[in-house]
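Enquirer: What follows is a structure written as structure tokens; I'll ask about it next.
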Amino acid sequence: MEIKKGLEDVYVKETEITYIDGELGRLYYRGYSIYDLAEFSNFEETSYLILYGKLPNIYEYENFVKSLRESRGISDRVKEFLKSVKKNADPMDVLRTAVSIMGLEENTHTYNVSEQSIINLISKFPTIISYYIRLRRDLEPVEPDTSLSHAANFLYMVNGTKPSEEEYKAMDVAMILHIDHEMNASTFASLVVASTLSDIYSSIIAGISALKGPLHGGANYEALKMFKEIGYIENVEKYILNRLANKQRIMGFGHRVYKTYDPRARILKAYAKLLAEKKGGEIKRLYEIAEKVEEIGIKHLGPKGIYPNVDFYSSIVFYALGFEPEFFPTVFASARVTGWIAHILEYVKDNKIIRPKAYYKGEIGRKYIPIDSR
Ligand SMILES: CC(C)(COP(=O)(O)OP(=O)(O)OC[C@H]1O[C@@H](n2cnc3c(N)ncnc32)[C@H](O)[C@@H]1OP(=O)(O)O)[C@@H](O)C(=O)NCCC(=O)NCCS
């Protein structure tokens, strides 16, 4: 009997969605290199690819985009909930509960995934997140603009102004890079729920819950907190060496699968740099700190195969685009929801309830003693 702690190296299903080459630092969605998709595709087209296994033709693309744009609005019940939430709630808890209300409204009892629920989930995440962002800022929420693409509309609803071409491209690429990543913790969590043939909203809520943790989707928030804590570039070396000496982790570094530089971090670094140069000020300072953390981190952790991951530079990109750090994991979730759905659809087609075993090492045959005699 061998226990694979953390299910490391255990395969739970065959997949045709995403392939990671952790040794060479390569990532493919449905066989297409992430570098090509980041350069030539957009969030909507890549979502279609991930969900349906092929790039859409023009007719399929336009229909998909239209459905997404028309489904962005959120119900009055969800809006009322968002207005009622305290302003210091964890945004992932808020997103999770809003999705729970969506599930309640659709009244789905078991696994029965309609095209419209897929579209609803992908299209409404940004609306929920930006609505709550605006309320926290004591600003009027901004209704979705159907003339804008998914990523541009997201930024518009957050900031109240239409993004520049560079901001749009950075957001769109960041979203593409977060759509899927094979059998990560949140995808697995959503599959565990789906494998019981529970409804899709419950499965997605499980994904959100797992993504919230600082070892997974919460690492982008932790990375930015770390850059801010460092404060100035001169402090980097001492701070990192201190952290390593105290056996603390460098957030945004390390990965279960990649033993080299995460290709998503490579792409995002270029956008973080571009935005830092355009915006200057605090963004530029934080970017320079991140670059220095990267240098020192690789010097000490690189020999162990620990390099920057997606969360390292996405933190700077999301911050530069106007998101408060606490909201970074929700932005991650707004892209990853597509991957969760694709894996759920793929898994349930050949379903088997996920039910592993635990090796019992406690006592057996203990004698029950009544409470007043213990
Ligand atoms: C992602 C992560 C959870 C992967 O964990 P894992 O595959 O279970 O690897 P482990 O936690 O067993 O780490 C293996 C070794 O590398 C070290 N390590 C891993 N990530 C590290 C980091 N970010 N900083 C410093 N050391 C790190 C561990 O301390 C451990 O060292 P040891 O063997 O001397 O005890 C881990 O790298 C991590 O915690 N990273 C920081 C959080 C983060 O950025 N998460 C986002 C992932 S996309």
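Here, each number is a calculation from the coordinates, and none is a lab measurement. Predicted model, so just to flag it, every value in this text is computed and none were measured. Positions of Cβ are generated from backbone atoms using ideal geometry, with glycine treated the same way; all protein chains shown enter the neighbour counts.
Enquirer: Arrange the following residues from fewest to most other Cβ atoms within 10 Å of their Cβ: 306, 204. Walk me through the numbers before you get to the answer.
Expert: On the way: 306 19, 204 30.
Lowest to highest Cβ neighbour count: 306, 204.
Enquirer: Tell me the relative contact order for the range 219-320 as a rounded percent, counting alpha carbon contacts under 8 Å between residues six or more apart. Write down the numbers at each step before the final one.
Expert: Values: 134 pairs, mean separation 45.9, N = 102.
Relative contact order of the range 219-320: 45 percent.
Enquirer: Right, something else. Excluding residue 157 itself, what net charge comes from residues whose Cβ is under 14 Å from its Cβ, given Lys and Arg +1 and Asp and Glu -1? Intermediate results must be reported in sequence, preceding the final value.
Expert: Working: positive: 69, 72, 79, 124, 134, 136, 137, 162; negative: 140, 143, 145, 167.
Result for the neighbourhood of residue 157: +4.
Enquirer: Still on this structure: Given points 7 Å out from each Cα along the Cα-Cβ axis, report the residue 355 to residue 277 separation in nanometres with one decimal.
Expert: The two pseudo-label positions are separated by 5.8 nm.
Enquirer: If you build a Gaussian network model of the chain, linking Cα atoms that sit under 10 Å apart, which residue out of 273, 169, 247 swings the most?
Expert: 247
Enquirer: Something else: Can you find, among 227, 287, 46, the residue farthest towards the positive end of the dipole of the chain? Put +1 on the C-beta of Lys and Arg, -1 on that of Asp and Glu.
Expert: My answer, from the dipole projection, is 227.
Enquirer: How far apart, in nm, are the 7 Å Cα→Cβ label points at residue 16 and residue 32?
Expert: 1.6 nm
Enquirer: Then there is this: Compare 120, 107, 153 in a GNM of the chain, Cα atoms joined below 10 Å, and give the one with the largest fluctuation.
Expert: Looking only at 120, 107, 153, the largest GNM fluctuation is found for 107.
Enquirer: When the label point is put 7 Å from the Cα of residue 90 along its Cα-to-beta-carbon vector, which residues of the range 194-217 have a backbone N closer than 11 Å?
Expert: 209-215
Enquirer: Which of the three applies to the chain, rounded, prolate or oblate, going by the alpha-carbon gyration tensor with a ≥ b ≥ c and a/c under 1.5 meaning rounded? It would help to have the intermediate numbers written out before the result.
Expert: Values: a/c = 1.37, a/b = 1.07, b/c = 1.29.
It is rounded, given that a/c, with a ≥ b ≥ c, falls under 1.5.
Enquirer: Which value at 222 nm does the chain reach when only helices count, each DSSP H run of 4 or more adding -39,500 (n - 2.57), with the total divided by all residues and rounded to the nearest 500 deg cm²/dmol? Spell out each step's value before the answer.
Expert: Working: 16 runs with 216 residues, N = 374.
Only helices count here, giving -18500 deg cm²/dmol.
Enquirer: Quick check for me: using +1 on Lys/Arg Cβ and -1 on Asp/Glu Cβ, what's the dipole size of the range 291-374 about its Cα centre, in debye to the nearest 20? Walk me through the numbers before you get to the answer.
Expert: Numbers: 12 positive and 10 negative charges, 166 e Å.
The calculated dipole for the range 291-374 is roughly 800 debye.
Enquirer: Follow-up. Compute the distance in nm between two label points, each set 7 Å from the Cα along the Cα-to-Cβ direction, one at residue 241 and one at residue 364.
Expert: About 5.6 nm separates the two model spin labels.
Enquirer: Restricting the calculation to Cα positions, tell me the Rg (one decimal) and the Dmax (whole number) of the range 156-275 in Å.
Expert: 17.4, 54
Enquirer: For the cross-link pairs 83/225; 79/279; 79/352; 87/269; 5/273; 87/279, which exceed 30 Å when the distance is taken from alpha carbon to alpha carbon? Can you show the working numbers first?
Expert: Working: 83/225 27 Å; 79/279 33 Å; 79/352 37 Å; 87/269 32 Å; 5/273 38 Å; 87/279 28 Å.
Distance filter (> 30 Å) returns 79/279; 79/352; 87/269; 5/273.
Enquirer: What GluC sites (Glu not before Pro) does the range 1-53 have in DSSP loop regions with at most 13 other beta carbons within 10 Å? Let's see the in-between values first.
Expert: Values: sites: 2, 8, 14, 16, 23, 39, 44, 45; in loops: 2, 8, 14, 16, 23.
When the GluC sites (Glu not before Pro) of the range 1-53 are filtered for loop state and at most 13 Cβ neighbours within 10 Å, 2, 8, 14, 16, 23 remain.
Enquirer: Amide H neighbours of residue 255 under 5 Å, counting only residues 5+ apart in sequence or on other chains, H built in-plane at 1.01 Å?
Expert: 307
Enquirer: Efficiency by 1/(1 + (r/R0)^6): what FRET value for residue 234 and residue 256, r their Cβ-Cβ distance, R0 = 22 Å, to the nearest 0.05?
Expert: Numbers: r = 33 Å, r/R0 = 1.52.
My answer for the efficiency is 0.10.
Enquirer: For the chain, list the DSSP H helices whose alpha carbon atoms reach 30 Å or more along the long axis and whose average Kyte-Doolittle value is -0.5 or above?
Expert: On the way: long enough: 115-136 (32 Å, 0.30); 328-349 (32 Å, 0.68).
Result, helices passing both filters: 115-136, 328-349.
Enquirer: Rounded, prolate or oblate: which fits the range 219-320 when a ≥ b ≥ c are the square roots of the eigenvalues of the alpha-carbon gyration tensor, with rounded for a/c under 1.5 and prolate only if a/b beats b/c?
Expert: Oblate.
Enquirer: Dipole size in debye (nearest 20) for the chain around its Cα centre, Lys and Arg Cβ +1, Asp and Glu Cβ -1?
Expert: Numbers: 50 positive and 50 negative charges, 288 e Å.
Roughly 1380 debye for the chain.
Enquirer: Here is a follow-up. Any chance you could check the Cα centroid distance between the range 190-264 and the range 356-373 for me, in angstrom?
Expert: When both Cα centres are located, 37 Å separates them.
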